[in-house]
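The structure appears below as structure tokens.
The values are calculated or read from the model by the stated rules, or taken from the named source; none is laboratory data. Only a predicted model underlies this, so the values are computations on that prediction, with no experimental measurement involved. Every residue, glycine as well, gets a Cβ built from its backbone with ideal geometry; the counts of neighbours run over all protein chains shown.
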């Protein structure tokens, strides 16, 4: 069973990094997976690409990421929440 959510049905909260399924305009035969999030920058809300990585912030109990506005030719179709990180071993 898929946990993917269509962007036509719902979008994540602003600032919440999520897995995104992307199609590239002009390259419909390719599927891309990345991390993205909704932002209010640039007249949003709109999708943004997460650059490089996302990290789990133990202080707030949520994923965080740096981002850049999504390129016009990358179109998110579906998204799903990031899983929780592995449990840390106690020393």
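On the given criteria, is residue 85 modelled with pLDDT of 75 or more, surrounded by 10 or more Cβ atoms within 10 Å (Cβ to Cβ) and outside any strand (DSSP E or B)?
yes
Could you count how many residues in segment 40-70 are at positive phi and modelled with pLDDT of 65 or more?
3
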